[in-house]
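Chemist: Sharing a structure with you now.
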4 protein chains.
Amino acid sequence: MIVEMRRGCTQDQVDAVVERAHQYKFEVQLNIGTDKMVVAILGSHTGSVPTEIFAVLPGVESVTRIMRPYKLASREFRDEPTLVHVGGVTIGGPRIVVMAGPCSIESQEQLMTTARCVAQAGASVLRGGAFKPRTSPFSFQGLGPEGLRLLREAKRDIGLPTVSEITDPHHLELMAEYVDMLQIGARNMQNYALLRAVGQSGKPCMLKRGLASTVTEWLQAADYLLAAGGRDVILCERGIRTFEDGTRFTLDISSVGVVKQSSHLPVMVDPSHAAGHYALVPTLARAAVAAGADGLIVEVHPDPANALSDGLQSLTPSDFTRLMGQLKAIAQAIGRTL
Amino acid sequence: MIVEMRRGCTQDQVDAVVERAHQYKFEVQLNIGTDKMVVAILGSHTGSVPTEIFAVLPGVESVTRIMRPYKLASREFRDEPTLVHVGGVTIGGPRIVVMAGPCSIESQEQLMTTARCVAQAGASVLRGGAFKPRTSPFSFQGLGPEGLRLLREAKRDIGLPTVSEITDPHHLELMAEYVDMLQIGARNMQNYALLRAVGQSGKPCMLKRGLASTVTEWLQAADYLLAAGGRDVILCERGIRTFEDGTRFTLDISSVGVVKQSSHLPVMVDPSHAAGHYALVPTLARAAVAAGADGLIVEVHPDPANALSDGLQSLTPSDFTRLMGQLKAIAQAIGRTL
Amino acid sequence: MIVEMRRGCTQDQVDAVVERAHQYKFEVQLNIGTDKMVVAILGSHTGSVPTEIFAVLPGVESVTRIMRPYKLASREFRDEPTLVHVGGVTIGGPRIVVMAGPCSIESQEQLMTTARCVAQAGASVLRGGAFKPRTSPFSFQGLGPEGLRLLREAKRDIGLPTVSEITDPHHLELMAEYVDMLQIGARNMQNYALLRAVGQSGKPCMLKRGLASTVTEWLQAADYLLAAGGRDVILCERGIRTFEDGTRFTLDISSVGVVKQSSHLPVMVDPSHAAGHYALVPTLARAAVAAGADGLIVEVHPDPANALSDGLQSLTPSDFTRLMGQLKAIAQAIGRTL
Amino acid sequence: MIVEMRRGCTQDQVDAVVERAHQYKFEVQLNIGTDKMVVAILGSHTGSVPTEIFAVLPGVESVTRIMRPYKLASREFRDEPTLVHVGGVTIGGPRIVVMAGPCSIESQEQLMTTARCVAQAGASVLRGGAFKPRTSPFSFQGLGPEGLRLLREAKRDIGLPTVSEITDPHHLELMAEYVDMLQIGARNMQNYALLRAVGQSGKPCMLKRGLASTVTEWLQAADYLLAAGGRDVILCERGIRTFEDGTRFTLDISSVGVVKQSSHLPVMVDPSHAAGHYALVPTLARAAVAAGADGLIVEVHPDPANALSDGLQSLTPSDFTRLMGQLKAIAQAIGRTL
């Protein structure tokens, strides 16, 4: 950390900064410029203390981080890419993994029809929501345990591993039994009680980016999962909140590259929630593959016009099949498979 | 809802829209313009269905809401302002209520010193965190149950009712026993499992605005609390996420006015988290009172330089006392008390 | 436009809305719901009047647009894609056009070296700044007229048409003589004096998106160019301002798709300014091509470490050549050429 | 500036950083930590070079500024508050200055009625737009020179100095003759050709904050005015662009405090453009005065329902008069006058 002192600060104020650094066992180097005194605080664990422990001291003008505030998720902690294995599927390797299925599980028929289609089109993981976090308490909230039962049945029939969102630590045992990978939604990215519980479970987990979270905060949230004992963590970009209202969220396509530079964890993209409209989903899916995402999670529904949730952003089976063809060509163009 | 049809849509497509509206028992009126056909969907509960049930139909160009998507929190549902009572203190009336105390409860001495000071300076509610949601898993996470015990002790000694943040539905019983009002933090504003649990408990609750949530979504989150049985809900603006980095968050001072127009619930402001720096807290506190906020929640620490969390944005007891004097003068200038 | 009346509004207030609509020669249809009265205002030029002419009337609750507020740039005005021709190069057709060159023109040698390299690697247009809009008045402001002279010389030698940014209406005559296409920068997207002057000149023009502008406002700015007599207008997405600080700006990759749905104008992407760092430029360039952009504008410098501006986001000639190979493969995968 | 080297960087890479610093005549101090090498670059003019001159060098991980990138507008350059004098009115002193008048000058009668009212209610400066920058080319663009003539006439009759927006450097001579203070609008905050021209004119100038500009960039734009020879510069916060759509823009009330800490220039607030709706203007005006703004600029129209622009956010004369009473009470409460 770099502590910039105010012009005209006293020697006592500088000493207090140095003393505090020493309390934390950090090294200190003083830089005495003509205008400003700057104190460099060095040490490999400076990233894990908040800047304010220095910023709050009298005579301090500003404090700047050098070490990143996340640790376990960083490339500095582990340089080799993490490969996540979910029921025989590997995420983070050369093959781009597509997860697909309905937003909400609505019925056995709806789920099975979709599952069959997405499997046939080349998806490797089946998605389906049983507990749905909805903006309004008056909207459909999912089938709950019955949905999980249907999802497991679909898995047995079709042979694809499954992913479903967990919204409440109380559901952990139930969900761990029924699904292969847990998803933590954007609105719960900083629900630390949930992160800790999921991390402790040891289940593979897909962590969606919070809609107002920086990449740094997202990786700090991943640190919660990893620190609690999780290992198989996948990140998923799904759009952030901006002033633009032509799409539901603004897909931060750059985050794929930023994560790759900063972290060893695989990173996927959810084009459906970002777009908010089926007509834009293929555009974003193609961009994500070209940008280097390790996978996609796509909403598909056999009859979007009658979906109980997110129908507007769901692809029909035939649109999804067509999209998979395009994605395969792009994957090949960048030297990967799909 | 207003459904705009695409130019050149077919009669069948219009019929499908009308039929769907009738399924929901909505009234329909057709507006046939020279360029566009527009279908007005009318009825008092159109606000509680998502726009996409129409947007997803073929031939539809766009769908616009007329009724607001929140209901129980709206002025249309209840025109008279809600007064919330917390241990003898009324929030939402002519008196502006100041809640103050440390970010985290750190020790008996720290809490008691702060409590005495804020009570003397005119605060009506004592705040103090026992379970702290921190961005990094490596930061201090609060004293937990021991913190709650200290908070109750402080209440007994000083006589102020208390507020503390709940982060996990598992803690509900414990917290309901020890504190007078539960706080739901910004990062949990859309943690629906937590909202439901708190709403069902019937305890007074302060709902902070999510850092990427619109006022509309904030009121929908309040709907979760109210729909679950809560009544004593207070809203609290604490700054939203924007591109500006001169403050920790951008206090949306306008939201005080927008909430007053749209909702019957009291609205407070947290100047500490928005500013992120003690030197800016008084500026924001004064603005909030002048804008018409029903209360403030302010972080105060007897020794900010050694605080275990949020020291940088905590006022010292003497700064807080000085601020209270300024706020009283402004309250008087706008015809209220404090 | 849809005018929603307040509950309990008077007949006189409704009449005033109707009368105002008639003043503008709009058709009116009344929708009388059980809860709300809604007035539909219909007519093909409702998009060109501001909503506030109704919103300001007593008894009005809200006003919603049906017709889009831009006109000449819209697909409704012209359904067929506009092809822009710049010195023998066509933008908006099946071939993806890459424009490349240095941020600032610094010397004959720097420009010629870059020009030769980008031409060889397959770029079709040469970019180079002579008048540089810099955030600080103390930064290098470009070579001015001398830069333009060098640019024309490079064009003669290499045979590529040129594009350069115009920042001042006073420079129009000079620039129109020296360069083939004028660029309007993000910070000037709503500099209407400049838009009008450039539109009147009839020169091809690339209009960058303002960093806080919605796609709708961007198309309204294009309307200024088109209304003033311009025809050859190209849009260019270059990243918007958000809270994320891992990149210089957040590339709104979805905007490529949104523009294609809404407008007949070609749309390009500038990956250099969005990324702000050379290491992320290829990621964004690949995503842009896969998303369907009609072209790219990329900063290339023979010696980025000594560039006078934007060195950090400039590719070296060899990095650019490698990128062009990747982009060709992706273009082919989506059925286009480059 | 603080240059953080990558782990494992070579001695040559460090030497290159040092050499570059010496080229700029900066001092250098090396900080060799166990994990990272950090190079401190010191000197009073480091703020005026871009960080990328170091960031672009091989082996560099990141570069962080210590000195702020603006200079002439900073408190470090001039610690004493600047007082701006406009036709006998002083801005930046203990008295809070209210500027008021119509958005657009529409007719002599409209302007005179408004001017009389705002003068009587206590405004000290008359505002009125003659050249209007409108989002759509099809909206009313102002009366132009005729508007300026009416404004000067109103000044003579009523005795208030005037402020009006300049949108084109070509209008400078004309406007300098007719109005007392020039306004640079939010959309032109980084129109450097305009800033330079206005700075050179020596006229007092009100610089509105760009809607996606940080406070730092705003002060850099002020540097353009000051570097060109301007002295009498007033800053004006008018709301920034965020995701919240309940108001036209989000008033960044904190910026008043941030500017006061960082700059010697006076800072005003425009509650009208931020709110976008007359019903919220008083809320924001009260907050601005309480936060410590040196002045307000408020839109007032004798007949908002028939205004040619911004009617929705204009106060009627009687609302304005009532507001002035409230503001006087708040000003007094914080020890100022109005």
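Each value in this text was obtained by applying a stated rule to the coordinates, not by laboratory testing. Please read these numbers as outputs of a predicted model, since none were measured by experiment. Every residue, glycine as well, gets a Cβ built from its backbone with ideal geometry; the counts of neighbours run over all protein chains shown.
Chemist: Let me have the relative contact order for chain C, percent, based on Cα pairs under 8 Å that are six or more residues apart. Could you put the intermediate results ahead of the total?
Modeler: Numbers: 732 pairs, mean separation 54.6, N = 338.
It rounds to 16 percent for chain C.
Chemist: For residue A:142, which sequence-distant residues (separation of 5 or more, or a different chain) have an amide H within less than 5 Å of its own amide H, given hydrogens modelled in the peptide plane?
Modeler: Hits under the 5 Å cutoff: A:132.
Chemist: By what distance, in whole Å, do the Cα atoms of the range B:13-152 stretch along each of the three principal axes, largest value first?
Modeler: Projected onto its principal axes, the Cα set of the range B:13-152 covers 74, 42, 26 Å.
Chemist: Can you list the copy-to-copy distances for residue A:23, using a point 7 angstrom from Cα toward Cβ, in nanometres, shortest first?
Modeler: Spacings between copies for this position, smallest first, are 4.4, 6.4, 6.8 nm.
Chemist: Which distances in nm, rounded to one decimal and ordered from shortest, link the label point of residue B:145 to the equivalent label points in the other identical copies, with labels set 7 Å from Cα toward Cβ?
Modeler: 2.8, 8.3, 8.4
Chemist: What is the range A:54-139's relative contact order, in percent, from Cα pairs under 8 angstrom and six or more apart in sequence? Please report the intermediate quantities before stating the final value.
Modeler: Working: 64 pairs, mean separation 18.3, N = 86.
Once normalised by length, the contact order is 21 percent.
Chemist: In debye, nearest 20: dipole of chain C around its Cα centre with unit charges on the Cβ of K, R (+) and D, E (-)?
Modeler: Values: 33 positive and 34 negative charges, 101 e Å.
The dipole magnitude comes to about 480 debye.
Chemist: Across bins of 5 angstrom width beginning at 0, how are the C-alpha pair distances of the range B:131-182 distributed, in whole percent?
Modeler: 4, 20, 29, 23, 14, 7, 2
Chemist: What does the structure give for A:129-137 when I average, per residue, the other chain Cβ atoms found within 10 Å of the residue Cβ? Could the numbers behind the result be given before it?
Modeler: Details: counts 0, 0, 2, 1, 4, 5, 12, 13, 17.
Other-chain Cβ atoms within 10 Å of each residue's Cβ, averaged: 6.
Chemist: Principal axes first, then extents: for the Cα atoms of chain B, list largest minus smallest coordinate on each axis, whole Å, largest first.
Modeler: Here the spans come out as 75, 43, 37 Å, largest first.
Chemist: Which value at 222 nm does chain B reach when only helices count, each DSSP H run of 4 or more adding -39,500 (n - 2.57), with the total divided by all residues and rounded to the nearest 500 deg cm²/dmol? Before the final figure, lay out the partial values.
Modeler: Numbers: 11 runs with 117 residues, N = 338.
Helix contribution divided over all residues of chain B: -10500 deg cm²/dmol.
Chemist: Mind checking A:273-283 for the average number of partner chain beta-carbons within 10 Å of each residue's beta-carbon?
Modeler: For this peptide, the per-residue mean of nearby foreign Cβ atoms is 4.
Chemist: What is the sum of charges around residue A:135, taking Lys and Arg as +1, Asp and Glu as -1, for the other residues whose C-beta is under 11 Å from the C-beta of residue A:135?
Modeler: Values: positive: A:132, A:134, A:187; negative: B:217, B:223.
Neighbour charge sum, excluding residue A:135 itself: +1.
Chemist: Compute the signed sum of charges (Lys and Arg +1, Asp and Glu -1) over the other residues within less than 11 Å, Cβ to Cβ, of residue B:308. Let's see the in-between values first.
Modeler: Numbers: positive: B:132, B:134; negative: A:52, B:106, B:303, B:310.
Summing Lys/Arg as +1 and Asp/Glu as -1 gives -2.
Chemist: Using Cα pairs under 8 angstrom and six or more residues apart, how large is the relative contact order of the range C:97-220, in percent? List each step's numbers first, then the result.
Modeler: Values: 208 pairs, mean separation 23.8, N = 124.
Relative CO of the range C:97-220 lands at 19 percent.
Chemist: For chain B, set up a GNM with springs between Cα atoms under 10 Å and report which of B:148, B:194, B:280 has the largest fluctuation.
Modeler: In the Gaussian network model the winner is B:280.
Chemist: How far, in whole Å, is the closest Cβ of chain D from the axis that maps D onto C, and which residue does it belong to?
Modeler: D:212, 2
Chemist: Let me spell out the model: positive unit charges on the Cβ of Lys and Arg, negative unit charges on the Cβ of Asp and Glu, origin at the Cα centre of the range D:223-338. What dipole size does that give, in debye rounded to 20? Each step should come with its number before you reach the end.
Modeler: Details: 9 positive and 12 negative charges, 75 e Å.
For the range D:223-338, the charge dipole is close to 360 debye.
Chemist: I need the inter-copy label distances for residue C:79: point set 7 Å along Cα to C-beta, values in nm with one decimal, smallest first.
Modeler: Copy-to-copy label distances at residue C:79, shortest first: 5.0, 5.9, 7.1 nm.
Chemist: I'd like the mean, over residues of C:255-264, of how many other protein chain beta carbons sit within 10 Å of each residue's own Cβ. Show your work: numbers first, answer last.
Modeler: On the way: counts 5, 4, 12, 8, 1, 3, 5, 1, 0, 0.
Average neighbour count from other chains, rounded to a whole number: 4.
Chemist: Add +1 for every Lys or Arg and -1 for every Asp or Glu among the other residues with Cβ under 9 Å from the Cβ of residue B:179, and state the total. Mind dumping the intermediate values first?
Modeler: Numbers: positive: B:152, B:155, B:203; negative: B:177, B:180.
Spelling it out: positives minus negatives among the neighbours equals +1.
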